[in-house]
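The next block holds one structure in the form of structure tokens; read it before the comments.
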Amino acid sequence: MGKTLMAFFYFPAHKERTDTMKEIIWFGRGGQGAVVAAQILAESAYLEGFKGVTSAPTFGPERRGAPVTASTRISEEPIRMFSQVEMADIAIVLDNTLLGVVDVKGRVRKGGTIIINTACKPEDAGINGDFNVATVDATGVALKLRLMKEGAPLINTPLLGAFAKATGIVSLENIEKALRSKLPAAAASQNFETVRAAYEGTVVQKVQG
Amino acid sequence: MTDARIITGNQAAALAARLCDVQVVAAYPITPQSQLAEMLSLYVESGQLRAEYVRVEGEHSAMTVCIGASTVGARVFTATSSNGLLYMHEQLHWAAGSRLPIVMCCVNRGVGAPWSIFNDQQDSLAQRDTGWIQIYCRDNQEILDTVIQAYRIAETVYVPVMVCFDGFVLSHTMMPVISPTPAAVRKFLPPYKPHTILDAENPMTINSVLLPNRRPDAEGVLCDGYMEMRWKLQNALDRTMEAIREVNRSFAEAFGRDHGGMLWTHRTEDADVILTSMGSLAAEATVAADALREEGIKAGVVGIRVYRPFPVKEAVEAYRGAKAIILFEKSISYGYEGGLCSDLKAAFYGSGIQATIHDYVAGLGGRDVKARELVEAVKSSLARIQAGEKDLKTTWLNCATE
């Protein structure tokens with residue numbers, strides 16, 4: 001048997017992933033709606049025509065206010081990978097104070113995109129390295145359009161608009177459809193208004209060095 | 001576009017139970033199964049499912065209620081995880097011994113002590129010898145479809161079915177699931193016909209004490225002893241394989257989705273090395289096999305879908321050409337090796353299959369197992385085989401063992 005086995009014992013260097021799958025990590029705090037945003041993004045992407053979409057929370061108990069993550073995978077083909085997302089192509093930071101607490105950059109691939117809820121411009125967001133940085137004042141948008149929950153601005157849905165602008169992976173039209181399938185008509189309209197406003201307010205810039 | 005919803009594994013299972021028009025549900029919530037029990041409770045409360053939801057104080061009672069309801073002719077459903085399943089253990093034997101076609105989801109979770117709420121498959125593997133059919137699902141579509149198939153299998157052969165899927169990894173991950181119409185499911189799954197109905201109008205005792213030998217009843221008819229009844233259960237499990245294959249074929253015809261009957265394969269035709277697992281890890285292994293092929297290693301995957309009855313015939317066929325078989329198991333038979341590894345070796349006895357087998361214990365208590373780790377494990381196994389090692393002991397993947 002040893003002889004025949006030799007033929008398939010050839011180990012070239014490991015290749016980078018070559019498929020079209022996009023991996024996305026949402027960084028938020030418990031209660032900000034990262035898990036729900038990851039779900040609505042998966043729905044929007046499916047409506048966009050991607051056959052493979054998954055969304056998952058970080059497994060285990062979570063606490064209000066503590067750092068949490070959720071993930072979305074989007075692919076042309078049905079997804080067969082259910083392990084937790086390790087490195088993302090796109091990261092969305094719901095709360096910019098997390099940048100000092102969690103190693104966001106360390107979870108994003110080189111050349112990837114980091115979308116941050118902040119009033120700063122991309123170059124002032126404190127990200128250096130080979131990334132596209134997108135910033136949007138999602139909190140400002142939510143406050144202005146009165147998208148509130150339990151007295152706090154709801155920032156998860158506006159960030160879907162920023163995602164659409166920064167990546168082009170999903171359209172506003174399909175985000176709207178996904179919202180309408182999940183929410184009553186009035187709530188869907190109000191949420192979508194913030195998505196559109198955040199889309200328009202998102203600034204994207206390539207950062208290097 | 002087809003009617004696909006983006007739902008969790010728990011939601012897929014609950015939806016399937018509703019589509020099967022279950023009449024009695026008795027379930028006790030436990031992480032990570034809780035959402036499944038909550039969905040069913042919501043369906044019953046909102047009138048979307050015309051069933052009796054019996055609240056119980058624990059899993060032993062949940063299964064007892066299912067046994068009682070099934071005995072009086074109802075289609076019943078329950079679900080549990082981990083120590084909840086262990087608490088049911090005695091009643092699992094009772095359900096199978098009574099030949100009741102109960103369907104239960106086991107949302108796989110590690111077993112305490114030490115306490116864990118996270119995924120592995122020790123819970124259901126520890127129920128191997130209860131006489132239940134066990135089917136492991138690799139994604140949420142398969143969960144929905146398998147629950148529907150499970151009722152038809154169970155009600156054909158009168159053996160209960162455990163539909164197993166990985167806690168959190170599938171139970172809490174959303175993905176597209178196509179939901180068949182209630183009419184299509186009703187056509188595929190005829191109403192439940194009990195083999196015996198316990199009825200107050202026609203009183204009888206079932207499952208009374210059986211003496212060691214066969215003996216005539218009051219009318220002089222020679223009746224089974226305990227051993228004959230046990231043989232009948234074993235014989236039924238053997239015959240179940242044909243029912244599982246047939247149900248899989250008819251399901252594929254009716255709904256256009258074929259999940260494999262007893263097992264499924266991925267790129268095994270010309271494979272030198274075959275990766276094998278059960279559940280979601282087997283799906284992850286297909287990604288690893290594709291990556292290995294890109295590196296010039298002819299890899300394939302066999303996903304064991306039905307663990308009991310064990311797919312001896314299909315396994316011998318599927319592994320025939322392989323030179324190495326690498327198993328990834330989310331459970332261990334303490335003091336020996338992974339249960340699937342022992343079963344496969346036994347299946348190969350006398351078949352002429354001489355492949356080197358390397359067993360990995362992986363992902364216990366929710367430790368994440370990634371496709372790239374499977375790729376690395378396979379390469380390290382192959383390197384050891386190449387170096388002339390023959391007797392590869394079970395390896396604990398990504399675990400400090402010193």
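Per-residue 3J(HN,Hα) values for segment B:90-97, derived from phi via the Karplus relation 6.51 cos²θ - 1.76 cosθ + 1.60 with θ = phi - 60°, read 4, 6, 5, 4, 5, 5, 5, x Hz in sequence order (x marks Gly and Pro). Does segment B:328-402 classify as rounded, prolate or oblate by the C-alpha gyration tensor (a ≥ b ≥ c root eigenvalues; a/c under 1.5 gives rounded; else a/b over b/c gives prolate, otherwise oblate)? Since a/c reaches 1.5 but b/c is at least a/b, the shape of segment B:328-402 is classed as oblate. Binning the C-alpha pair distances of chain A at 10 Å intervals from 0 yields a P(r) profile of 9, 35, 35, 13, 4, 3, 1, 0 %, listed from the shortest bin outward. Chain A packed on chain B takes about 3300 Å² of accessible surface away from a 1.4 Å probe, both sides summed.
Roughly how many Å² is the accessible area per residue of segment B:4-188, as a whole number, for a 1.4 Å probe? Numbers along the way, then the final one.
On the way: 5570 Å² over 185 residues.
Counting only protein heavy atoms, the per-residue value for segment B:4-188 is 30 Å².
Shown is the FRET efficiency for residue B:52 and residue B:393, computed with R0 = 56 Å from the Cβ-Cβ distance and rounded to the nearest 0.05: 0.65.
Just subtract the alpha-carbon distance of residue B:401 and residue B:184 from 0.36 nm times their residue separation and send over the number in nm, one decimal.
Details: separation 217, 0.36 × 217 = 78.12 nm, distance 5.18 nm.
Result for the pair: 72.9 nm of gain on full extension.
Residue A:64 to residue B:223: FRET efficiency via 1/(1 + (r/R0)^6), r the Cβ-Cβ distance, R0 45 Å, to the nearest 0.05? List each step's numbers first, then the result.
On the way: r = 63 Å, r/R0 = 1.40.
Efficiency computed from Cβ-Cβ geometry: 0.10.
For residue A:108, the residues whose modelled amide H falls within less than 5 Å of its own, excluding neighbours fewer than 5 places apart on the same chain, are A:88.
Please say if segment B:4-188 is rounded, prolate or oblate, where rounded means a/c under 1.5 for a ≥ b ≥ c the square roots of the C-alpha gyration tensor eigenvalues, and otherwise the choice is prolate for a/b larger than b/c and oblate otherwise?
Values: a/c = 1.39, a/b = 1.07, b/c = 1.29.
Here segment B:4-188 falls in the rounded category.
The 3J(HN,Hα) values that the Karplus relation (6.51, -1.76, 1.60; θ = phi - 60°) gives for segment B:323-333 are, in residue order, 9, 9, 10, 10, 9, 10, 10, 9, 6, 8, 8 Hz. Gly and Pro appear as x. Overall, chain A carries a charge dipole of about 280 debye about its Cα centre when +1 sits on the Cβ of Lys and Arg and -1 on the Cβ of Asp and Glu, all other atoms neutral.
In whole Å, how far is the Cα centre of segment B:319-335 from that of segment A:61-126? Spelled out, the Cα-based centre of one part sits 36 Å from the other.
Assuming R0 = 22 Å, what is the FRET efficiency of residue B:383 and residue B:270, from their Cβ-Cβ distance, to the nearest 0.05? All intermediate terms of the calculation are to be shown ahead of the outcome.
Values: r = 21 Å, r/R0 = 0.97.
About 0.55, to the nearest 0.05.
Does any residue of segment B:154-198 lose at least 20 Å² of accessible area with all protein chains in place compared with its chain alone, and if so which ones (probe 1.4 Å)? Those residues are B:168, B:169, B:172, B:173, B:174, B:175, B:176.
Less than 5 angstrom separates the built amide H of residue B:22 from none of the residues sequence-distant by 5 or more or on a different chain. Taking the 0 to 90 degree range and rounding to the nearest ten, how far is the long axis of helix A:172-182 tilted relative to the main principal axis of chain A, both from C-alpha atoms? With rounding to tens, the tilt is 80 degrees.
With each label modelled as a point 7 angstrom along the Cα→C-beta vector, the residue A:208-residue B:293 pair spans 3.8 nm. Near residue B:275, the amide H atoms lying under 5 Å from its own belong to B:300, B:301, B:302, B:326; only residues 5 or more places off or on other chains count, and H is placed 1.01 Å from N. Remark: the residue B:128-residue B:89 segment gains 13.0 nm on full extension, using 0.36 nm per residue and subtracting the alpha carbon distance.
Using alpha carbons only, how many degrees (0 to 90, rounded to 10) separate the axis of helix B:34-45 from the longest principal axis of chain B? Approximately 30 degrees, to the nearest 10. Between the helical axis of A:156-167 and the dominant principal axis of chain A, each derived from Cα atoms, what acute angle in degrees is found, rounded to the nearest 10? Tilt relative to chain A: about 50 degrees.
Show that you can apply the helix-only estimate: for chain B, add -39,500 (n - 2.57) for every DSSP H stretch of four or more residues, divide by all residues, and state [θ] at 222 nm to the nearest 500. Could you put the intermediate results ahead of the total?
Details: 12 runs with 160 residues, N = 402.
One gets -12500 deg cm²/dmol as the mean residue ellipticity at 222 nm.
Rounded to a whole number, what is D in µm²/s for chain B from Stokes-Einstein with the Kirkwood radius over alpha-carbon pairs (20 °C, 1.002 mPa s)? D = 98 µm²/s. Across segment B:263-396, the fraction of Cα-Cα pairs farther apart than 25 Å, rounded to a whole number, is 15%.
For segment B:263-396, with every protein chain kept in place, what is the accessible area per residue (1.4 Å probe, Å²)? The partial results should precede the final answer.
Values: 4800 Å² over 134 residues.
I get 36 Å² per residue for segment B:263-396.
Please state the shape class of segment B:24-88: rounded when a/c is under 1.5, otherwise prolate if a/b exceeds b/c and oblate if not, all from the C-alpha gyration tensor. The partial results should precede the final answer.
On the way: a/c = 2.39, a/b = 1.13, b/c = 2.11.
It comes out oblate by the Cα gyration axes.
Positive end of the dipole of chain A (Cβ unit charges, origin at the Cα centre): among A:152, A:88, A:128, the Cα lying farthest that way belongs to A:88.
Using a probe of 1.4 angstrom, how much of the accessible area of the protein assembly as shown is carbon and sulfur, in percent? Within the protein assembly as shown, the accessible surface is 53 percent carbon and sulfur. Here the spin labels are modelled as points 7 Å beyond Cα on the Cα-Cβ line, and at residue A:171 and residue A:183 they lie 2.1 nm apart.
The coefficient of translational diffusion for the protein assembly as shown, derived via Stokes-Einstein from the alpha carbon Kirkwood radius under 37 °C and 0.692 mPa s, stands at 127 µm²/s. Backbone geometry of segment B:156-161 corresponds, through the Karplus equation with coefficients 6.51, -1.76 and 1.60 at θ = phi - 60°, to 3J(HN,Hα) couplings of 7, 10, 6, 9, x, 10 Hz, x marking Gly and Pro.
The values are calculated or read from the model by the stated rules, or taken from the named source; none is laboratory data. In this text, all values refer to a predicted model and were calculated from it rather than measured experimentally. We place every Cβ from the backbone using ideal geometry, glycine too, and count neighbours over all the protein chains shown. Only protein heavy atoms, including side chains, enter the accessible area calculation; ligands, DNA and RNA are left aside. Shrake-Rupley method; radii C 1.70, N 1.55, O 1.52, S 1.80 Å.
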